[in-house]
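Trainee: Please see the structure below; I have some questions.
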Amino acid sequence: MKPVIYHFTNIAPLYRAKLWETLLKSEGFDFHYFFGENKSLGIKTIDFQKEVFKNHHKKLNPVGNFWIRGKYLVWQTKVLRYLLFHKVDLVILLGEFTIASNWFYAIICRIRGVHVTFRGHGMYGNERGLKFFLRKMFYRLADTHLLYERRAKKIMVGQGFKSEKIHVFFNSLDYDTHKSLREVNKNLQKKHVLHFFKKPEAPTFIFVGRLTKVKKIDMLVKAISKLNAQNLWPNLLIIGDGSERASLEILAADLLQKGTYHFYGACYDESELGKYLSSADLCVSPGNVGLTAIHSLSSGTPVCTHSSFENQMPEVEALEDGKTGIFFKEDDLEDMVTQIASWLTDPKKDKIRKDCFKVIDDYYNPYYQEKVIENLVNGGNAMI
């Protein structure tokens, strides 16, 4: 009989659809999802009316979420009955100490002798005082951990957690679709894809994501202006929408030449996004970079972002300086310009494209994640 796994999470985000599909269909274990909703987050969610999910509807269970200010999950209801009265081999909870109910549910699992795993970021390395104490105490409640990066594992091991109990899970997007687009987009001509630029053949920088202050996209606009002053004239393509769009358009109109920048707006069509990412020379995320890095590498395009990893998202670990990305000092516009200008003189695009694909094929895909969970539920030591 296959091991039964219950995974309790906050919502069902669209970008995890392929992972959910893969785990629900796994031959190695019987996976069940429990999730709530929060429309105020503005995150597109999985369409469970699609055939692949309709076939597994008994494994998809709604729970109740209680949020503070619309973004801080503090309690989940309808969970206790599943933990008390169902036979389950492994329970996965979000590894966020601010979710008060997860403290309670983890203790219930331990009392019942059910293996409990926390999935999440782990320790960032910038925790201090009460936050550090609570996070460490909370993590002690779990038998094992699923983390998104090696760096967080190293920090936790340094805090006394056992290495063999910490499994690096990484992260993934719609891997199958992205892989199929590689061949489709292999011989794209810039003049056809980037037709909205005056000189589409020029090096093109791209940003994909929500246009919010935390992403510091104004730095990117200013950096390109400084590159122009050095007689370097890259194009800038910004794909996304958000609260900062209007101010960014004003800034770009003020600093950049018409025909060298374009605000595309939001786009959720993978084939369209794939065309633009594949045609770009560099994806730049001046603030933290998350799944945008995985999306860009999946299209063979390297990523530029800052090097303060304690303030980064875990996906930054997919970037290797000079190989799949470049780094600059956080909030240092001059260093950002210097690093990009240096990269422009020697991009090594064909070699970099292969390196980008390799890190995705090796780790950042749902099939690797499935192997990690199968190894975990079967009691194996951490793969990484």
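Derivation of every value follows stated rules applied to the coordinates shown; laboratory data play no part. None of the values given here were measured: they were computed from a predicted structure. Every residue, glycine among them, receives a Cβ derived from its backbone with ideal geometry; neighbour counts consider all protein chains shown.
Trainee: Determine the calculated [θ] at 222 nm for the chain from helices alone, applying -39500 (n - 2.57) to every DSSP H run no shorter than 4 residues and normalising by the residue count; nearest 500 deg cm²/dmol.
Mentor: On the way: 15 runs with 146 residues, N = 384.
Helix contribution divided over all residues of the chain: -11000 deg cm²/dmol.
Trainee: For a quick check, take a GNM of the chain with Cα springs below 10 Å and name the residue from LEU90, LEU344, LEU297 with the largest mean-square fluctuation.
Mentor: Judging by the Gaussian network model, the answer is LEU344.
Trainee: Just name one of GLY380, PHE104, LEU146: the one whose Cα is farthest towards the positive end of the charge dipole of the chain (beta-carbon charges, Lys/Arg +1, Asp/Glu -1).
Mentor: PHE104
Trainee: What is the helix-to-structure angle for 129-139, meaning the angle in degrees between its Cα long axis and the longest Cα principal axis of the chain, kept from 0 to 90 and rounded to the nearest 10?
Mentor: The angle comes out at about 60 degrees.
Trainee: Something else now. Please report the relative contact order for the chain, taking Cα pairs under 8 Å with a sequence separation of at least 6, and give it as a percent rounded to a whole number. Don't skip to the answer; put the middle values down first.
Mentor: On the way: 690 pairs, mean separation 55.4, N = 384.
Dividing the mean separation by the residue count of the chain yields 14 percent.
Trainee: Counting only residues 5 or more places away or on other chains, whose amide H sits under 5 Å from the amide H of THR45 once H atoms are built in the peptide plane?
Mentor: Under 5 Å from the amide H of THR45: LEU14.
Trainee: Can you grab the distance from the C-alpha centre of the range 51-111 to the C-alpha centre of the range 197-243, Å, no decimals?
Mentor: If you average the Cα positions of each part, the centres end up 41 Å apart.
Trainee: For each of ILE250, ILE206, ILE294, ILE43, count neighbouring Cβ atoms within 10 Å of the residue's Cβ, then give the residues from fewest to most. Walk me through the numbers on the way to the answer.
Mentor: Details: ILE250 10, ILE206 27, ILE294 24, ILE43 15.
Least to most surrounded, the residues fall as ILE250, ILE43, ILE294, ILE206.
Trainee: Here is a further query. For THR204, what residues show an amide H to amide H distance below 5 Å, using hydrogens built from the backbone and excluding near sequence neighbours?
Mentor: Those qualifying (amide H under 5 Å, at least 5 residues apart or on another chain) are ASN235, ASP281, LEU282.
Trainee: Helix 245-255 versus the longest principal axis of the chain: what angle, 0 to 90°, nearest 10, using Cα atoms?
Mentor: 30 degrees
Trainee: OK, next. Mind listing the phi-derived Karplus ³J(HN,Hα) values for the range 330-345, rounded to whole Hz, using 6.51, -1.76 and 1.60 with θ = phi - 60°, and x for any glycine or proline?
Mentor: 4, 6, 9, 4, 5, 5, 4, 5, 4, 5, 5, 4, 5, 5, 4, 6
Trainee: If you don't mind, another one. Pull up all non-local amide H partners of GLY325: gap of 5 or more, or a different chain, and H-to-H distance under 5 Å with H placed in the peptide plane.
Mentor: VAL303, GLU320
Trainee: With the contact rule set at Cα under 8 Å and sequence spacing of 6 or more, what percent relative contact order holds for the range 175-362?
Mentor: Details: 327 pairs, mean separation 41.7, N = 188.
For the range 175-362, the relative contact order is 22 percent.
Trainee: When DSSP assigns beta bridges and you keep just the ones with both residues in the chain, what percent turn out antiparallel, to the nearest 5? Present the calculation step by step, with values, prior to reporting the outcome.
Mentor: On the way: 6 of 48 bridges.
Antiparallel: roughly 10 percent of the beta bridges in the chain.
Trainee: Tabulate in residue order the Karplus-calculated ³J(HN,Hα) for the range 292-304, using 6.51 cos²θ - 1.76 cosθ + 1.60 with θ = phi - 60°, rounded to whole Hz; enter x for Gly and Pro.
Mentor: With the stated coefficients, the range 292-304 comes to 4, 4, 5, 4, 5, 4, 5, 9, x, 10, x, 10, 10 Hz.
Trainee: Right, another one. Under unit Cβ charges (Lys, Arg +1; Asp, Glu -1), what dipole magnitude, rounded to 20 debye, does the range 304-384 have relative to its Cα centre? Spell out each step's value before the answer.
Mentor: On the way: 9 positive and 17 negative charges, 99 e Å.
Roughly 480 debye for the range 304-384.
Trainee: A further question follows. Show me, for the range 309-324, the HN-Hα J-couplings you get by feeding each phi into the Karplus relation (A = 6.51, B = -1.76, C = 1.60, θ = phi - 60°), rounded to Hz, glycine and proline as x.
Mentor: Per residue, the Karplus-derived 3J(HN,Hα) values read 5, 5, 10, 9, 8, x, 5, 4, 5, 6, 9, 10, 4, x, 10, 10 Hz.
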